[in-house]
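Chemist: Here you go, one structure.
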Amino acid sequence: MFRRSLLCAAVLGLAAAAVHAQSFPAKPIKLVIAFPAGGPTDITMRQLADNASKIIGQPVVVENKPGAGGTLPAQALQTAQPDGYTIAQIPLGVFRLSYTTKINWDPVKDISYVINVTGYAFGIVVPTDSPLKSWKDFVDYAKANPGKLTYGSTGTLTSPHLTTELIAQKAGIELQHVPYKGSADLMLAVISGQLMAAADSTGFAPQVEAGKLRVLNTWGEKRLAKFPDAPTLKELGLDIVQNSPFGIGAPKGTPPEVVKKLHDAFKQAMEEPSYVAALGRYDMLPNYMSSADYTKFAQTTFAREKALIQKLGLAKPQ
């Protein structure tokens, strides 16, 4: 009798899950993003959410949750119901979190990876009126004034922060890091002279085009079309290439049928010209990965980030 009851409960559970998947979505979906309103991530993700809303038939409502190096949305998934109604942006910093902070969840096993949508290109900028006219000027000043050259990023342990520290290590210089919660505030701090430089995604493009900032270098394999005069780190003799794909995750245990519905809607949404145009403002491109490929990317990136954290001496004691 007990065994029969368990079997009935299991069958009913599967039936309920199937009904949920078929009716999904029956209400608005919350998309939590890692950076503040007004920055490039917010602007591009809102366009993506707007496109997805029209495709999936329910509003996709963006909630900004900045701080903690962009990892708060992923942490929010750990307490959300696995029903597809709470999803989150997954920046690269999520994959290094457990190496630097004590957490009770696994960045690979405890997230259902839905789709990768794009990625950041990075660089270092200074105010246009800065005496640091080139990367050589930057390095020379830093060597002559150890710890005095201030730079900002969008948070401690973010890709811009860690890569700049790796650059400094290779260049033999010491910099002073100041974390901000997002690109908009960071750019204001540099333009106003509160900081000498910033390491950021190419969300700085509008300020460069307006003549307020100068790009000293970019971090991709090749020069960026929008900043053709800015050398890559490899051209400057630093064997570093850094970009930062990001996508959307759901809570662990989200039904595969729901993950597929989300994946299909966002894949179609990222192919819309309006989204491609929004990315283009910041020299970003669509970067599609399926749910399976994104899961594999999470696994390999998680392992790779451990090596970077250890190289910089930032790993927490085990």
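Chemist: Inside the range 38-69, can you point out the residues that are more than 20 Å from Pro273 (Cα to Cα), touching a Phe, Trp or Tyr at 6+ places or on another chain (Cβ under 8 Å) and assigned to a helix (DSSP H, G or I)?
Modeler: The answer is none; no residue qualifies.
Each row is one residue, and each column tells you yes or no for (1) touching a strand residue (DSSP E or B) at 6+ places or on another chain (Cβ under 7 Å); (2) among the acidic types (Asp, Glu); (3) farther than 16 Å from Ser244 by Cβ.
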{"site": "Pro146", "(1), (2), (3)": "no, no, yes"}
{"site": "Ser159", "(1), (2), (3)": "yes, no, no"}
{"site": "Leu162", "(1), (2), (3)": "no, no, no"}
{"site": "Met196", "(1), (2), (3)": "yes, no, yes"}
{"site": "Asp200", "(1), (2), (3)": "yes, yes, no"}
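Chemist: Among what's in the range 168-186 and is in contact (Cβ under 8 Å) with a residue 60 or more places away in the chain and crowded, with 23+ Cβ neighbours inside 10 Å, pick the residue that is nearest to Gly67 (Cα to Cα).
Modeler: Gly182
Listed here are the residues, each with its yes/no results for (1) of a type in the set (A, V, I, L, M, F, W, C); (2) under 21 Å from the mean Cα position of the chain (by Cα); (3) at negative phi.
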site	(1), (2), (3)
Val190	yes, no, yes
Gly193	no, no, no
Gly203	no, yes, yes
Lys212	no, no, yes
Leu224	yes, yes, yes
Ala230	yes, no, yes
Pro255	no, no, yes
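Chemist: Can Ala269 be described as farther than 28 Å from Ala205 by Cβ and out of contact with any strand residue (DSSP E or B) (no Cβ under 7 Å at 6 or more places or on another chain)?
Modeler: no
Chemist: Turning to a different aspect of this structure: Out of Gly220, Gly253, report the one residue that is at pLDDT below 95 and within 26 Å of Phe297 (Cβ to Cβ).
Modeler: Numbers: Gly253 fails: at pLDDT below 95.
Sole residue among the options that is at pLDDT below 95 and within 26 Å of Phe297 (Cβ to Cβ): Gly220.
Chemist: Something else now. Checking Val125 against (1) within 30 Å of Leu213 (Cβ to Cβ); (2) free of Cβ contacts under 8 Å to residues at least 12 places away in the same chain; (3) not aromatic (Phe, Trp, Tyr), which test does it fail?
Modeler: Only one criterion in (1) within 30 Å of Leu213 (Cβ to Cβ); (2) free of Cβ contacts under 8 Å to residues at least 12 places away in the same chain; (3) not aromatic (Phe, Trp, Tyr) is unmet by Val125, namely (2).
Chemist: Would you mind stating whether Ile124 is in contact with a strand residue (DSSP E or B) (Cβ under 9 Å, 6 or more places away or on another chain), modelled with pLDDT of 95 or more, closer than 17 Å to Ala34 by Cα and in a strand (DSSP E or B)?
Modeler: Against the criterion (in contact with a strand residue (DSSP E or B) (Cβ under 9 Å, 6 or more places away or on another chain), modelled with pLDDT of 95 or more, closer than 17 Å to Ala34 by Cα and in a strand (DSSP E or B)), Ile124 does not qualify.
Residues are listed down the side, and each one gets a yes or a no for (1) in contact with a Gly (Cβ under 8 Å, 6 or more places away or on another chain); (2) surrounded by fewer than 16 Cβ atoms within 10 Å (Cβ to Cβ); (3) under 19 Å from Thr154 (Cα atoms):
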site	(1), (2), (3)
Lys222	no, yes, no
Leu233	no, no, no
Gly237	no, yes, no
Met284	yes, no, yes
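Chemist: Is the range 299-308 home to any residue that is within 30 Å of Ser23 (Cα to Cα), modelled with pLDDT of 95 or more and of a type outside the set (Asp, Glu)?
Modeler: Within the range 299-308, not a single residue is within 30 Å of Ser23 (Cα to Cα), modelled with pLDDT of 95 or more and of a type outside the set (Asp, Glu).
Chemist: When you check Thr164 against the structure, is it free of Cβ contacts under 8 Å to residues at least 60 places away in the same chain, buried (at least 22 other Cβ atoms within 10 Å of the Cβ) and either closer than 21 Å to Gly93 by Cα or of a type outside the set (Lys, Arg) (or both), yes or no?
Modeler: For Thr164, the condition - free of Cβ contacts under 8 Å to residues at least 60 places away in the same chain, buried (at least 22 other Cβ atoms within 10 Å of the Cβ) and either closer than 21 Å to Gly93 by Cα or of a type outside the set (Lys, Arg) (or both) - is met.
Chemist: Out of the helices (runs of 4 or more DSSP H) lying entirely within the range 221-318, which hold 3 or more residues that are in the same structural domain as Ala76 (by TED's automatic domain parsing), in contact (Cβ under 8 Å) with a residue 24 or more places away in the chain and not hydroxyl-bearing (Ser, Thr, Tyr)?
Modeler: Counting at least 3 such residues, we get 256-270, 291-311.
Chemist: Could you list, in sequence order, the residues of the range 105-121 that are of a type in the set (Val, Ile, Thr) and in a strand (DSSP E or B)?
Modeler: Ile111, Val114, Ile115, Val117, Thr118
Chemist: In the range 78-127, which residue that is among the hydroxyl-bearing types (Ser, Thr, Tyr) and buried (at least 23 other Cβ atoms within 10 Å of the Cβ) is farthest from Leu162 (Cα to Cα)?
Modeler: Ser112
Chemist: Within the bounds of the range 144-158, is there any residue that is surrounded by fewer than 21 Cβ atoms within 10 Å (Cβ to Cβ) and assigned to a helix (DSSP H, G or I)?
Modeler: First, pick out the residues of the range 144-158 that are surrounded by fewer than 21 Cβ atoms within 10 Å (Cβ to Cβ): 144-148, 150, 156.
Pick out the ones that are also assigned to a helix (DSSP H, G or I) and you get 144.
Checking the range 144-158: at least one residue is surrounded by fewer than 21 Cβ atoms within 10 Å (Cβ to Cβ) and assigned to a helix (DSSP H, G or I).
Chemist: When the range 21-37 is examined, which residues are found to be more than 15 Å from the chain's Cα centre (by Cα) and in a strand (DSSP E or B)?
Modeler: Of everything in the range 21-37, those that are more than 15 Å from the chain's Cα centre (by Cα) and in a strand (DSSP E or B) turn out to be Ile29, Lys30.
Chemist: What number goes with the only condition from (1) within 12 Å of the chain's Cα centre (by Cα); (2) assigned to a strand (DSSP E or B) that Gly93 does not pass?
Modeler: (2)
The values are calculated or read from the model by the stated rules, or taken from the named source; none is laboratory data. Note that the structure is a prediction, hence the values are computed from the model and not measured. Please note: Cβ atoms are built from the backbone with ideal geometry, for glycine as well, and neighbour counts cover all protein chains shown.
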